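Working notes, beginning with the structure itself.
The values are calculated or read from the model by the stated rules, or taken from the named source; none is laboratory data. No experiment lies behind these values; they were computed from the predicted model shown. Please note: Cβ atoms are built from the backbone with ideal geometry, for glycine as well, and neighbour counts cover all protein chains shown. What goes into the accessible areas is simple: the full protein's heavy atoms, side chains included, and nothing from ligands, DNA or RNA. Shrake-Rupley method; radii C 1.70, N 1.55, O 1.52, S 1.80 Å.
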Amino acid sequence: MAGTRYVLAVAAVALVAGCTTSQRLESSRGIAVRIVDDIDALEAAIERAEDHCDVHDRHAVLQSVSQLDDNEVLATFDCVESR
């Protein structure tokens, strides 16, 4: 339940703060990336999340992909200690 609240909080902050494509909101617990809605952008977001979590000795796990508008989505990742 706390994990869901965290993801929702990150998503809410991203919706309020996100005005440009590829804006990231990040912490040692996770990262949210606003991207164009296509598979290449999602793959790039996954790589960025993995790089971010690796800095904190953690692994990126995709939590959700939420539609923001016609061509943008918000991808949220948790940084976990083990896969």
Practice problem: List every residue whose amide H lies under 5 Å from the amide H of Ser64, counting only residues 5 or more places away in sequence or on a different chain, with H placed 1.01 Å from N in the peptide plane. | Solution: Thr76
Practice problem: Can you list which of the GluC sites (Glu not before Pro) found in the stretch 33-69 are DSSP loop residues with at most 13 other C-beta atoms within 10 Å? | Solution: none
Self-check item: Rounded to the nearest 10 Å², the accessible area of Leu68 at probe 1.4 Å
Solution: 50
Practice problem: At 20 °C and 1.002 mPa s, grab the translational diffusion coefficient of the stretch 43-83 from Stokes-Einstein with a Kirkwood Rh over Cα pairs, rounded to a whole number in µm² per second. | Solution: 201
